[in-house]
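Undergrad: This structure is in structure tokens; I'll ask about it shortly.
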């Protein structure tokens with residue numbers, strides 16, 4: 001069980017750090033997070049705010065690692081590199097493959113074991129097995145990379161597994177710290193399931209109703225009522241996405257869906273096909289992927305229906321780098 005939980009916790013740390021960095025927008029100084037009420041009033045979508053709202057919501061929908069590739073560089077570094085996408089689903093899929101195989105071994109089940117271990121750079125984490133299918137991790141200034149550390153808890157429970165399926169529930173309350181950036185605290189719960197393990201076509205689904213909330217000194221955002229379903233083959237990632245996104249940065253909330261599933265070629269960052277719809281207050285935005293980041297300009301087509309009459313009366317185009325930068 002220990003190997004399974006270690007993989008799951010690494011996943012949770014990666015995703016919550018990613019979410020927090022996306023909230024930070026890749027900048028800012030140090031300092032503690034503040035408690036802020038996220039506005040839930042639907043945002044009126046207009047030609048003026050179309051790109052900013054589209055960038056923020058698409059970042060959440062594609063599980064993006066933060067603006068300008070901030071997550072994969074040292075804090076404060078400047079780069080034109082694109083962020084990583086599909087981070088949670090891809091990382092989870094790899095770890096579940098290992099976990100599923102591990103859980104098939106009768107000797108894998110351990111319960112009633114609590115141990116404290118050193119993190120790679122500094123600090124510690126404690127794993128407390130409350131049953132054969134549940135564990136709580138407590139992090140104490142745990143740093144696995146220089147300049148980054150985490151405090152808080154992760155509980156993984158209701159773990160089930162067969163040769164081709166996996167399921168679990170995760171609850172997190174973690175505060176991340178980076179040199180040169182604001183602290184970020186992420187709290188919430190979600191479930192994960194995967195089918196088709198080992199078949200070459202694996203489907204991973206992440207769902208939750210209550211908000212995953214990330215708070216920094218400059219922004220607070222919620223992702224709630226969400227479902228991320230990703231189908232992985234050797235050549236393509238196909239995604240169906242639905243979520244409610246709210247943040248202080250966009251000063252309200254919107255509903256995000258994919259009426260036409262996103263299609264991303266393996267090895268590429270952004271979709272080359274698919275449609276995302278963003279619904280606000282009596283208004284909507286339709287985002288069409290025209291090509292991935294290697295395609296000709298423009299790569300993204302944005303249409304705005306500002307009065308909600310079903311007619312998208314204004315359009316604009318951009319590239320992925322500009323939209324997500």
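The values are calculated or read from the model by the stated rules, or taken from the named source; none is laboratory data. Given the structure is predicted, the values throughout are model-derived calculations rather than measurements. Positions of Cβ are backbone-derived with ideal geometry, glycine not excepted, and every protein chain shown enters the neighbour counts.
Undergrad: Are any residues in region 160-187 under 21 Å from the mean Cα position of the chain (by Cα) and under 25 Å from residue 202 (Cβ atoms), and if so, which ones? Give the steps one after another, and end with the answer.
TA: First pass over region 160-187, keeping only residues under 21 Å from the mean Cα position of the chain (by Cα): 166-178, 181-187.
If the condition is that a residue be under 21 Å from the mean Cα position of the chain (by Cα) and under 25 Å from residue 202 (Cβ atoms), then 166, 167, 168, 169, 170, 171, 172 are the ones that fit.
Undergrad: Just to verify a result, which residue in region 161-176, among those that are crowded, with 22+ Cβ neighbours inside 10 Å and within 19 Å of residue 145 (Cα to Cα), is modelled with the lowest pLDDT?
TA: Here the answer is 176.
Undergrad: A further question follows. Does residue 315 meet the test of being part of a loop (DSSP other than H, G, I, E, B) and surrounded by fewer than 16 Cβ atoms within 10 Å (Cβ to Cβ)?
TA: Values: part of a loop (DSSP other than H, G, I, E, B): no; surrounded by fewer than 16 Cβ atoms within 10 Å (Cβ to Cβ): yes.
Judged against the criteria, residue 315 is not a match.
Undergrad: Another question, then. Among (1) assigned to a strand (DSSP E or B); (2) at pLDDT below 85; (3) closer than 24 Å to residue 134 by Cα, where does residue 183 come up short?
TA: Among (1) assigned to a strand (DSSP E or B); (2) at pLDDT below 85; (3) closer than 24 Å to residue 134 by Cα, residue 183 violates only (3).
Undergrad: Still on this structure, please answer the following. Please determine, by comparing only the residues of region 113-153 that are in contact with a strand residue (DSSP E or B) (Cβ under 8 Å, 6 or more places away or on another chain) and outside any strand (DSSP E or B), which one is modelled with the highest pLDDT.
TA: For region 113-153, the residue satisfying everything is 121.
Undergrad: Within region 298-309, restricting attention to residues that are touching a strand residue (DSSP E or B) at 6+ places or on another chain (Cβ under 9 Å) and more than 12 Å from residue 323 (Cβ to Cβ), which residue is surrounded by the most Cβ atoms within 10 Å (Cβ to Cβ)?
TA: First, the residues of region 298-309 that are touching a strand residue (DSSP E or B) at 6+ places or on another chain (Cβ under 9 Å): 298-308.
Retained after the next criterion (residues that are more than 12 Å from residue 323 (Cβ to Cβ)): 303-308.
Values: 303: 19, 304: 23, 305: 20, 306: 21, 307: 13, 308: 14.
Applying the filter and picking the extreme gives 304.
Undergrad: Could you identify the single residue in 321, 284, 289 that is buried (at least 16 other Cβ atoms within 10 Å of the Cβ) and within 25 Å of residue 40 (Cβ to Cβ)? So that I can check it myself, show each step before the final result.
TA: Details: 321 fails: within 25 Å of residue 40 (Cβ to Cβ); 289 fails: within 25 Å of residue 40 (Cβ to Cβ).
So the residue among 321, 284, 289 that is buried (at least 16 other Cβ atoms within 10 Å of the Cβ) and within 25 Å of residue 40 (Cβ to Cβ) is 284.
Undergrad: Only one of 172, 197, 156 is outside any strand (DSSP E or B), touching a residue at least 12 places away in the same chain (Cβ under 8 Å), in contact with a helix residue (DSSP H, G or I) (Cβ under 6 Å, 6 or more places away or on another chain) and more than 23 Å from residue 58 (Cβ to Cβ). Can you tell me which?
TA: Details: 172 fails: outside any strand (DSSP E or B); 156 fails: outside any strand (DSSP E or B).
Sole residue among the options that is outside any strand (DSSP E or B), touching a residue at least 12 places away in the same chain (Cβ under 8 Å), in contact with a helix residue (DSSP H, G or I) (Cβ under 6 Å, 6 or more places away or on another chain) and more than 23 Å from residue 58 (Cβ to Cβ): 197.
Undergrad: Follow-up. If I ask for residues that are under 25 Å from the mean Cα position of the chain (by Cα) and in a loop (DSSP other than H, G, I, E, B), which ones from region 296-312 would you list?
TA: Of everything in region 296-312, just one residue is under 25 Å from the mean Cα position of the chain (by Cα) and in a loop (DSSP other than H, G, I, E, B), namely 299.
Undergrad: Go through the residues of region 264-279 one by one and say whether even a single one is surrounded by fewer than 19 Cβ atoms within 10 Å (Cβ to Cβ), in a loop (DSSP other than H, G, I, E, B) and at pLDDT 95 or above.
TA: Yes: one or more hits.
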